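Nothing in this text is a laboratory measurement; each read-out follows from the coordinates by a stated rule. Quick caveat: nothing in here was measured; it's all calculated off a predicted structure. Positions of Cβ are backbone-derived with ideal geometry, glycine not excepted, and every protein chain shown enters the neighbour counts.
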Amino acid sequence: MFLENTINYTKQSGWIEVICGSMFSGKTEELIRRLNRARFAMQKVEIFKPLIDKRYDEMKVVSHDENSIAGTPVESPLEIPLLAADCDVVGIDEAQFFNESIVEVCNLLANQGKRVIVAGLDMDYLGRPFGAMPFLMATAEYLTKVHAICVKTGNLANYSHRFSSGKNLVELGEKDSYEPLSRAEFWKTLKSDQENENSAENKQNSIEK
């Protein structure tokens with residue numbers, strides 16, 4: 001289990017913590033837990049999320065288990081430093097939806113002596129590293145990878161399989177759109193999806209001819 005470091009007010013030093021994993025692995029839940037512990041210790045806390053993420057609430061950061069914490073939606077990571085100027089602890093949820101400037105912002109905040117806690121998907125629906133997350137993981141002092149349970153095998157799941165055939169990288173959704181799968185099940189299912197898609201395209205091309 002992750003153990004919080006202490007803030008030394010005589011010589012304050014910041015750091016970055018990254019919580020990553022698949023859909024339904026408890027990333028936001030863990031983020032909220034750490035922020036609530038900081039608030040209990042009377043530390044100044046603020047949490048930010050991408051403006052596009054309105055799945056549960058336009059303002060609050062909400063986990064899949066419906067635990068929530070008041071937050072601030074921002075369109076760009078560059079808005080965060082000013083809004084977090086007086087904070088000891090800065091939380092950032094769904095970091096994969098931000099552009100690469102999120103890495104610079106997190107390092108800036110940490111260099112100012114703040115504790116920065118970032119949560120996000122480490123891989124996209126095709127099993128590829130997602131957005132700026134790999135760079136955040138590389139520069140973080142602390143990294144926690146959480147896992148869901150594979151809905152097909154009951155094994156640990158670290159992949160997010162998407163049901164829809166859309167090709168957009170960012171497609172917000174919940175249990176009606178995604179499922180957590182283990183490595184073996186994910187790649188088997190992805191191969192099946194691609195074969196079905198190719199078959200459908202060939203059938204359509206034959207009809208058009």
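Sorting Thr28, Thr189 on the 10 Å Cβ count, fewest up front, what's the list?
Details: Thr28 25, Thr189 15.
If I rank by nearby Cβ atoms, fewest first, I get Thr189, Thr28.
Quote to one decimal, in nm, the extra length available between Leu169 and Ser101 on full extension: 0.36 nm per residue of separation minus the C-alpha distance between them.
Values: separation 68, 0.36 × 68 = 24.48 nm, distance 1.83 nm.
Separation in residues times 0.36 nm, less the Cα-Cα distance, equals 22.6 nm.
Return the FRET efficiency for the residue pair Ala70, Asn155: r is the Cβ-Cβ distance, R0 is 45 Å, and the value is rounded to the nearest 0.05. If you can, show how the numbers build up before the last one.
Details: r = 36 Å, r/R0 = 0.80.
According to the calculation, E is roughly 0.80.
By the scheme Lys and Arg +1, Asp and Glu -1, what is the net charge of all other residues having a beta-carbon under 12 Å from that of Cys106?
Values: positive: Lys114, Arg115; negative: Glu17, Glu100, Glu104, Glu141.
Around Cys106, the surrounding residues sum to -2.
Using modelled amide H (1.01 Å from N, peptide plane; none on Pro or chain starts), what sits under 5 Å from the amide H of Gly71, excluding residues fewer than 5 places away?
Under 5 Å from the amide H of Gly71: Lys60, Val61.
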